[in-house]
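The values are calculated or read from the model by the stated rules, or taken from the named source; none is laboratory data. Keep in mind that this is a model prediction, so the values were computed, not measured. Neighbour counts are summed over all protein chains in view; Cβ atoms, including those assigned to glycine, are modelled from backbone coordinates with ideal geometry.
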């Protein structure tokens with residue numbers, strides 16, 4: 001089973017959000033899909049549509065064959081801004097989604113600690129959010145998202161607000177976690193390098209009658225290394241495609 | 001070591017400075033009274049209060065128990081009025097936030113009423129309730145409930161949308177979004193709103209009290225006027241300011257501080 005987008009179009013009348021046009025896409029279970037494209041090509045809009053935060057103007061989005069009508073915990077989103085709640089401490093934040101679902105307290109605790117350990121944050125369980133560094137906050141946000149075992153994890157430029165070193169470390173951690181868990185991930189980024197590093201398929205979006213300009217399967221072994229010859233080749237090819245179209 | 005001492009100094013120093021400044025003002029006031037009333041005879045003694053006279057009034061009103069009773073009565077009345085305002089104002093604010101129709105049509109009206117000085121409600125309240133406790137409480141509620149309603153509406157509206165989105169995509173229902181996200185997220189701004197509501201309530205209380213005959217600070221103020229005792233008038237004014245500041249600092253500021261500290265908001 002999978003996530004399917006059929007002829008999905010979303011246009012806006014007044015707000016500053018970017019449109020997407022005529023998107024056909026299928027994301028299979030366990031697949032890691034990255035979306036790249038210039039700013040203004042509708043990357044975030046596409047994610048919001050899948051999340052159910054926006055409704056398509058036309059076309060349909062289906063999860064396992066049934067249409068998406070609104071947001072839900074089967075499609076958890078991790079945002080560029082960590083979106084952790086400042087009135088809760090680290091562990092309470094991680095438990096938040098499980099609490100909404102009414103999972104028993106003991107199970108919440110075990111699962112929250114499991115993912116905090118995975119992120120190497122168990123010592124910080126009682127810290128306040130504002131006491132953490134930017135990278136740590138994103139790792140808490142990732143732990144929170146993982147606890148919900150969602151069908152697909154939607155990530156909206158989660159590392160782009162971090163400094164380069166931190167974001168490189170986090171994407172290596174994410175690669176490791178993905179190799180261990182094989183979650184389905186839909187990942188938006190403006191960094192082609194990040195996309196080639198993480199993805200099974202890279203979707204190139206552009207401003208045109210069809211938003212999807214190209215889909216590039218990345219056939220590289222994991223773990224990947226940015227200086228491998230074939231990695232550089234993929235990177236160059238996708239970068240060319242992204243830049244082919246003039247800036248809006 | 002030296003750094004430690006200087007740090008300690010800086011904590012004490014502003015307080016000491018404020019105290020000395022206040023002392024200077026009082027000394028200047030006494031001097032002005034001495035020159036203007038005793039030496040030059042520009043002002044009549046009954047028209048000009050003095051620190052010494054205010055002190056004597058204080059001792060007299062404390063010994064007779066009048067001042068304490070007035071403060072107690074006023075505070076109790078103010079609190080009752082304020083609590084009604086909080087309940088009514090927050091409910092109204094929530095409704096204005098939740099229903100687009102009310103936000104568009106009722107909010108301008110509420111904002112207009114909110115600009116009305118609370119003393120304007122006094123004739124209304126006396127016609128409805130007579131010279132009674134209820135009349136004063138009515139003025140207090142009218143004086144502060146609308147500002148609390150506006151503040152509640154704003155506080156909820158200013159919750160960053162990303163918190164709502166995060167909760168929704170983790171499977172929250174509308175009700176859970178309000179209970180587990182908005183209620184907490186809007187708290188700092190809501191408390192600022194309540195603090196402002198209290199200061200409106202306290203002012204309205206005095207408008208109400210000077211018009212009626214119930215025991216309270218406002219009435220003690222008017223008694224001072226009736227007796228042509230300007231020192232008592234001055235004393236009560238000072239007490240009104242001090243009680244207002246005390247509630248603000250003791251309750252609202254400390255609440256604000258603890259929430260801000262917990263969330264790392266400077």
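So here's what we get for this one:
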item	result
Of the criteria (1) in contact (Cβ under 8 Å) with a residue 12 or more places away in the chain; (2) not assigned by TED's automatic domain parsing to the domain that holds residue A:11, which one residue A:107 fails	(1)
Criterion: assigned to a loop (DSSP other than H, G, I, E, B), modelled with pLDDT under 95 and farther than 20 Å from residue A:112 by Cβ - qualifying residue of A:167, A:150, A:160	A:160
Helices (runs of 4 or more DSSP H) enclosed by the range B:208-266 - at least 1 residues per element that are buried (at least 20 other Cβ atoms within 10 Å of the Cβ) and more than 14 Å from every other protein chain (Cβ to nearest Cβ)	B:217-226, B:230-247
Enumerated strands (runs of 3 or more DSSP E) restricted to the range A:1-103, each holding at least 3 residues that are within 11 Å of chain B (Cβ to nearest Cβ), touching a helix residue (DSSP H, G or I) at 6+ places or on another chain (Cβ under 6 Å) and within 25 Å of residue A:135 (Cα to Cα)	A:75-78
Pair list, Cβ < 8 Å and 6+ apart or interchain, from the range B:11-28 residues that are closer than 19 Å to residue B:50 by Cβ to residues that are in a helix (DSSP H, G or I)	B:26/B:51
Where residue A:162 falls short, out of the listed (1) buried (at least 17 other Cβ atoms within 10 Å of the Cβ); (2) outside the structural domain of residue A:29 (by TED's automatic domain parsing); (3) free of Cβ contacts under 8 Å to residues at least 60 places away in the same chain	(2)
Matching entry among B:152, B:169 (being modelled with pLDDT of 95 or more and either surrounded by fewer than 20 Cβ atoms within 10 Å (Cβ to Cβ) or within 14 Å of chain A (Cβ to nearest Cβ) (or both))	B:169
Some residue of the range B:222-237 being under 15 Å from the mean Cα position of the chain (by Cα), over 12 Å from residue B:71 (Cβ atoms) and modelled with pLDDT of 90 or more	yes
Only listed residue being within 17 Å of residue A:83 (Cβ to Cβ), in contact (Cβ under 8 Å) with a residue 12 or more places away in the chain, within 14 Å of another protein chain (Cβ to nearest Cβ) and surrounded by 15 or more Cβ atoms within 10 Å (Cβ to Cβ), chosen from A:139, A:144, A:151	A:144
